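The values are calculated or read from the model by the stated rules, or taken from the named source; none is laboratory data. Since the structure is predicted, the reported quantities are computational estimates derived from the model, not experimental observations. Glycine also receives a Cβ, built like all others from the backbone with ideal geometry; neighbour counts cover every protein chain displayed. Side chains are part of the model used for accessible areas, which takes the heavy atoms of the whole protein and leaves out ligands, DNA and RNA. Shrake-Rupley method; radii C 1.70, N 1.55, O 1.52, S 1.80 Å.
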Amino acid sequence: KPINTLTKKQAATEAAELRPQLIQWGKEYYDADAPTVADDVYDRTYARLVALETAFPEIVTADSPTQRVGGVTRGDLPKVTHDIPMLSLGDVFSLEELSEFDDRLRANVDEDFDYNCELKIDGLAISLRYENGEFVQGSTRGNGQIGEDITANLKTIPSIPQTLSRPLTIDVRGECYMPKAAFLALNERREAAGKAPFANPRNAAAGSLRQLDVQVTADRKLATFMYNIADYEPLNTRTQSGLLDELAELGFTTNPSYQVAHDMTEVGNYIERYQDKRSDLPYGIDGIVIKANPLPLQRALGATVKVPRWAIAYKFPPEEVQTKVLDIEWTV
Ligand code: NAD
């Protein structure tokens with residue numbers, strides 16, 4: 001039913017039905033790494049809940065999935081508190097919605113600014129802490145405030161430097177993912193061994209990283225792209241694009257496909273280019289992320305309880321086509 005035909009009571013009733021369903025799907029996805037519905041089913045249901053709660057803000061509940069970063073922590077893994085929370089991202093599904101985000105942001109900001117366009121890597125968020133340039137602790141996002149300590153697991157990933165090129169004390173954030181070829185090979189091995197295959201590379205990466213036995217992680221061929229820092233003060237740069245360059249200089253692997261866009265036409269061109277290239281990439285992407293490029297502006301805009309105000313994800317439609325990856329059929 002169109003939202004504008006609903007009474008507040010009807011909206012509240014519908015929202016109360018959607019929330020437990022989303023919470024249940026979230027548990028399966030984040031906790032067990034075993035979703036039972038496709039992401040676009042989750043996304044559409046979530047978008048409906050957002051629309052209901054936006055039209056009738058009084059019906060929002062504290063436990064609504066719209067008010068919490070999705071994720072749980074495994075009881076048997078040690079916990080880490082994130083001093084600066086790890087957030088989710090707001091998302092849009094059309095260029096119109098993306099333009100509306102741009103209009104809203106520019107209406108609230110006096111200065112002219114660019115966006116940095118990045119690929120949205122289909123993995124799971126990690127945080128890496130370095131003290132005086134040495135890797136000391138790595139963690140998952142968890143519920144955004146408290147994550148899991150997976151330092152030993154992360155030490156097995158070749159793209160994570162043990163020592164940085166400068167002795168900085170920083171928390172660097174990014175994505176841990178499983179390349180498509182490794183995912184296909186892993187699922188083949190699992191099926192041959194009579195085990196359930198992972199639903200997608202994201203779940204395979206999460207399941208491989210959150211392991212008590214680090215040898216399991218070491219065998220899974222995980223990789224990382226880092227793209228954020230909890231506090232940019234120790235860096236020389238003051239832009240998001242410069243941050244990616246500086247992280248690479250420090251020794252991290254960053255995704256080279258980023259691009260600064262001056263306006264929404266350039267953002268649209270970037271989206272089109274990577275929508276076309278998507279199936280040829282050796283790793284999964286589920287959209288692109290645009291971020292206000294000046295880091296002080298990011299800080300000034302801040303975040304809601306769940307998402308930064310200075311960034312948004314544009315989600316690609318689900319990938320239906322079959323393409324060849326290393327001579328193996330790949331379907332999402
Ligand atoms: P999200 O994954 O859509 O977006 C936020 C995340 O994007 C960040 O935490 C970060 O890890 C990641 N990211 C990747 N590249 C990035 C980049 N360049 N810059 C910044 N961040 C980047 O949001 P979410 O809250 O983590 O999860 C929601 C997603 O999980 C949806 O896609 C949803 O479909 C899926 N989900 C599915 C089910 C299911 O049952 N199928 C259940 C719950 C959630």
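Kindly check whether there is at least one residue in segment 201-215 that is in contact with a Ser or Thr (Cβ under 9 Å, 6 or more places away or on another chain), more than 26 Å from Ala230 (Cα to Cα), part of a loop (DSSP other than H, G, I, E, B) and open to solvent by 10 Å² or more (accessible area, probe 1.4 Å). No, that holds for no residue. Within segment 106-118, the presence of at least one residue that is of a type in the set (A, V, I, L, M), open to solvent by 30 Å² or more (accessible area, probe 1.4 Å) and either within 11 Å of the ligand (Cβ to nearest atom) or assigned to a helix (DSSP H, G or I) (or both) is confirmed. Out of curiosity, is Arg238 closer than 30 Å to Asn132 by Cα, open to solvent by 60 Å² or more (accessible area, probe 1.4 Å) and in contact with a strand residue (DSSP E or B) (Cβ under 8 Å, 6 or more places away or on another chain)? Here the answer is yes, as Arg238 does meet what is asked. Selection of segment 282-302 for residues being within 18 Å of the chain's Cα centre (by Cα), touching a residue at least 24 places away in the same chain (Cβ under 8 Å) and surrounded by fewer than 17 Cβ atoms within 10 Å (Cβ to Cβ) yields only Pro282. Here's a check for you: in segment 16-51, which residue that is assigned to a loop (DSSP other than H, G, I, E, B) and free of Cβ contacts under 8 Å to residues at least 24 places away in the same chain is farthest from the ligand (Cβ to nearest atom)? Checking each candidate, the answer is Ala32. Would you confirm whether any residue within segment 221-231 is surrounded by 21 or more Cβ atoms within 10 Å (Cβ to Cβ) and over 18 Å from the mean Cα position of the chain (by Cα)? The answer is no, given that none of the residues of segment 221-231 is surrounded by 21 or more Cβ atoms within 10 Å (Cβ to Cβ) and over 18 Å from the mean Cα position of the chain (by Cα). Taking the conditions (1) free of Cβ contacts under 8 Å to residues at least 24 places away in the same chain; (2) buried (at least 17 other Cβ atoms within 10 Å of the Cβ); (3) within 12 Å of the ligand (Cβ to nearest atom) in turn, Gly138 satisfies each one other than (3).
If the condition is being away from the ligand (no atom under 16 Å from the Cβ), open to solvent by less than 50 Å² (accessible area, probe 1.4 Å) and in contact with a strand residue (DSSP E or B) (Cβ under 7 Å, 6 or more places away or on another chain), then segment 67-104 contributes only Leu77. Of the candidates Thr54, Thr13, the single residue that is over 28 Å from Asp286 (Cα atoms), in a helix (DSSP H, G or I), open to solvent by 40 Å² or more (accessible area, probe 1.4 Å) and not aliphatic (A, V, I, L, M) is Thr13.
Please pick out the residue among Thr156, Thr224, Thr237 that is in contact (Cβ under 8 Å) with a residue 12 or more places away in the chain, among the β-branched types (Val, Ile, Thr) and part of a strand (DSSP E or B).
Thr224
Quick check on segment 125-143. Is at least one of its residues of a type in the set (Asp, Glu) and under 25 Å from Gly284 (Cα atoms)? Looking for residues that are of a type in the set (Asp, Glu) and under 25 Å from Gly284 (Cα atoms), one finds none in segment 125-143, hence no. Of the candidates Gly251, Gly287, Gly268, the single residue that is more than 16 Å from the ligand (Cβ to nearest atom) and on the phi > 0 side of the Ramachandran plot is Gly251.
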